[in-house]
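Before any comments, here is the structure.
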Amino acid sequence: MKSLYVLILAAGQGTRMKSALPKVLHPVAGRPILEHVLKAAMALPSRELGVVLGVGRDKIQEELSARGWKKLHYIVQDKPHGSGHAVLMARSWLKPKRGSLLVVYGDTPLLTEKTLQRLVEHHMVSGNAATFLAMDAADPSGYGRMLLDAHGYLERIVEDKDATPQERMITLVNSGVACWDIQLLLAVLPRLKPNNAKHEYYLTDAAALLRNLGGRVGVVRAKNPDETHGINTRVDLARAEAISRQRILEYWMREGVTIVDPGSTYIDAEAVIQPDSRLWPGTFIQGATKIGTGCEIGPYTVLENAVVKDGARVGPFARLRPGAVVEEKARVGNFVEIKKSTIGRGSKVNHLTYIGDSEIGKDVNIGAGTITCNYDGFAKYKTFIDDGVFVGSNTNLVAPVRLGRGAIVGAGSTITRDVKAESLAVARSPQIEKAGWAKAFRSHQKKGNHHE
């Protein structure tokens, strides 16, 4: 099989998004649009992957690098003059290469590895000069129409603004994705002309030039037109989010996860859930959250970059922030927030509690209204609670502090010092009682000797 290279066109300005954020960095299912495309392309057996960037390229490169994308070849297109111009900017990168080039747009997050693989394999086996991914559109307006010859090969592509009324009746449209013989493409790129309504260099015009040179240009139809859905507006973004979300929900249900109400459940693309877990309505699984087997999550619960291990229960109305780890068979309940903390095996944090920057051991009971006071306005400090500790309700644990194994903390305490193992700690003001005071006070009120 010939060598494969991938070029992603991501230099569009995205003006219709009306956003300071580059279009391809807007998230779909918790992952930037461009990263969805990169993931699908990277799954192919390509030798190198190039990305054409324009306005906002520094921010895009910074974000991709932070997310682990280190081996990408970046190409600059300062002023976008069409898809053909974008590939022209990549000529020096392409010139020494032999084989096939897959060109994909960076704003198509719904493309799948399977569809791209089908296109590439067809192109390489057929010996075509180029092969386009097409789709049958119920509403073809806005798309380039694909005109085929009697043998099913592509004659040319007519952009929507340049099409005649008769050509606009064609429903087979161009997705923008195509596979090219690199050296043949390089031979015709300099001959592209901006003779169109937009005065841009269209890569699709290269197909007609290749055909004039005797090359065949094939067409592969996408089985699901949703895959070629591009993002130009916030409306497009919302549609892509809905489609991606439905795909994710169906995948996990097929993998053995019970989702009680898919219509109110949101799972990001990077989350992982093991079989026999149950997600109740109103649950949000965000980022790279990992959920073990036999867990109960929700209802109305948010997990973000958290870990929930086998048999644990989280919710209802709970929030796990980044760095939260809930060990096997632990319980996190109503109106509890956990941040950068571990809740040990079999431990319970059931009510109205904040746990931050803490290590909680096994079989610990945290009473309602407990707060770990982990921030003094300048730095964060840790709380350590050893195995078997019982913390009474309405307790403040002022970090840094450690509660030793088996210790008991009385309700209403503010603990500022370490508590030794198997000890009782009570830290609250003494109760004062004045006999008869309330009766005398009410009598004084009846006499009118009080002020409003």
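The values are calculated or read from the model by the stated rules, or taken from the named source; none is laboratory data. As the structure is a prediction and not an experimental result, all values here were calculated from the model. So basically every Cβ, Gly included, is an ideal-geometry build from the backbone, and we count neighbours across all protein chains shown. Note: areas computed on protein heavy atoms with side chains; ligands, DNA, RNA excluded. Shrake-Rupley method; radii C 1.70, N 1.55, O 1.52, S 1.80 Å.
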Compute the distance in nm between two label points, each set 7 Å from the Cα along the Cα-to-Cβ direction, one at ALA187 and one at ALA435. 11.1 nm
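With a cap of 15 neighbouring Cβ atoms within 10 Å, and only residues DSSP puts in a loop, list the trypsin sites (Lys or Arg not before Pro) found in the stretch 2-54. Could you put the intermediate results ahead of the total?
Numbers: sites: LYS2, ARG16, LYS18, LYS23, LYS39, ARG47; in loops: LYS2, LYS18, ARG47.
Sparse-neighbourhood loop trypsin sites (Lys or Arg not before Pro): LYS2, LYS18, ARG47.
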What trypsin sites (Lys or Arg not before Pro) in the stretch 138-229 are in a loop by DSSP, with at most 14 other Cβ atoms within 10 Å of the Cβ? LYS198, LYS223
Gain on full stretching of the segment that runs from THR15 to LEU424 - 0.36 nm per residue minus C-alpha separation: 140.8 nm
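In terms of the Cα gyration tensor, with a ≥ b ≥ c the square roots of its eigenvalues, is the stretch 1-95 rounded because a/c is under 1.5, prolate because a/b exceeds b/c, or oblate?
Details: a/c = 1.92, a/b = 1.21, b/c = 1.59.
In terms of gyration-tensor shape, oblate.
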How many Å³ per residue does the convex hull of the Cα positions in the stretch 321-395 occupy? 72 Å³
Could you compute the net charge surrounding GLU422? Neighbours are other residues with a C-beta less than 13 Å from the C-beta of GLU422; K and R count +1, D and E count -1. 0
Give me the net charge of ILE267's neighbourhood, meaning all other residues with Cβ under 14 Å from the Cβ of ILE267; Lys, Arg count +1, Asp, Glu -1. -1
What are the chymotrypsin sites (Phe, Trp or Tyr not before Pro) within the stretch 384-452 that DSSP puts in a loop, where the Cβ has at most 14 other Cβ atoms within 10 Å? none
Quick one: how many Å² of SER423 are accessible to a 1.4 Å probe, rounded to 10? 40 Å²
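I'd like the carbon and sulfur percentage of the solvent accessible area for the stretch 56-161, probe radius 1.4 Å, heavy atoms only, ligands and nucleic acids excluded.
Here carbon and sulfur together make up 48 percent of the probe-accessible area.
With +1 assigned to the C-beta of every Lys and Arg and -1 to the C-beta of every Asp and Glu, and no other charges, what is the dipole magnitude of the chain about the Cα centre in debye, to the nearest 20? Kindly include the intermediate steps, with their values, before the conclusion.
Values: 60 positive and 46 negative charges, 177 e Å.
Value, rounded to 20: 840 debye.
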Starting from the Cα of GLU121, step 7 Å along the direction of its Cβ; do the same at ALA150; then give the gap between the two resulting points in nm. 3.2 nm
Residue (of THR416, PHE335, GLY82) at the positive-pole extreme of the chain, dipole from beta-carbon charges: THR416
Report Rg/Rh for the chain, rounded to two decimals, where Rg is the Cα radius of gyration and Rh the Kirkwood radius. 1.18
Using every alpha carbon pair in the stretch 94-163, what percent of pairs falls into each 5 Å bin from 0 up to the bin containing the largest distance? 3, 12, 19, 23, 22, 14, 5, 1, 0
Taking Lys and Arg as +1 and Asp and Glu as -1, residues besides ASN350 with C-beta under 11 Å from its C-beta add up to +3
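Does the stretch 360-423 classify as rounded, prolate or oblate by the C-alpha gyration tensor (a ≥ b ≥ c root eigenvalues; a/c under 1.5 gives rounded; else a/b over b/c gives prolate, otherwise oblate)? Present the calculation step by step, with values, prior to reporting the outcome.
Details: a/c = 1.83, a/b = 1.42, b/c = 1.29.
Prolate shape, in that a/c is at least 1.5 and a/b is the bigger ratio.
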Peptide ranges 94-101, 314-321 listed from the most packed, as the mean C-beta count within 10 angstrom indicates: 314-321, 94-101
Quick one: length gained pulling ARG67 to VAL272 fully straight, 0.36 nm per residue minus the C-alpha distance? 72.0 nm
Non-local amide H neighbours of VAL177 (under 5 Å, H modeled in plane, Pro and chain starts lacking H): which ones? LEU133
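Compute the length gained on full extension between ARG98 and GLU113: take 0.36 nm times their separation in residues and subtract their Cα-Cα distance, giving the result in nm to one decimal. Provide the component values of the computation, followed by the final result.
Values: separation 15, 0.36 × 15 = 5.40 nm, distance 2.26 nm.
Extending this stretch completely gives an extra 3.1 nm.
Helix check for the chain. Which DSSP H runs span at least 27 Å along their own axis by Cα, with a mean Kyte-Doolittle hydropathy no less than -1.0? Kindly include the intermediate steps, with their values, before the conclusion.
Values: long enough: 234-254 (30 Å, -0.54).
Sorted by number, the helices that extend far enough and score high enough are 234-254.
Quick one: which of LYS39/LYS290; LYS380/LYS420; LYS39/LYS348 span more than 29 angstrom between C-alpha atoms? All intermediate terms of the calculation are to be shown ahead of the outcome.
Values: LYS39/LYS290 20 Å; LYS380/LYS420 23 Å; LYS39/LYS348 39 Å.
Pairs exceeding 29 Å: LYS39/LYS348.
So how do TYR300, TYR105 rank on accessible area, 1.4 Å probe, biggest first, that is with the largest at the start? List each step's numbers first, then the result.
Numbers: TYR300 130, TYR105 70 Å².
Of TYR300, TYR105, the descending order of accessible area is TYR300, TYR105.
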Which value, in Å² rounded to 10, gives the accessible area of ASP268 with a 1.4 Å probe and all protein chains present? 30 Å²
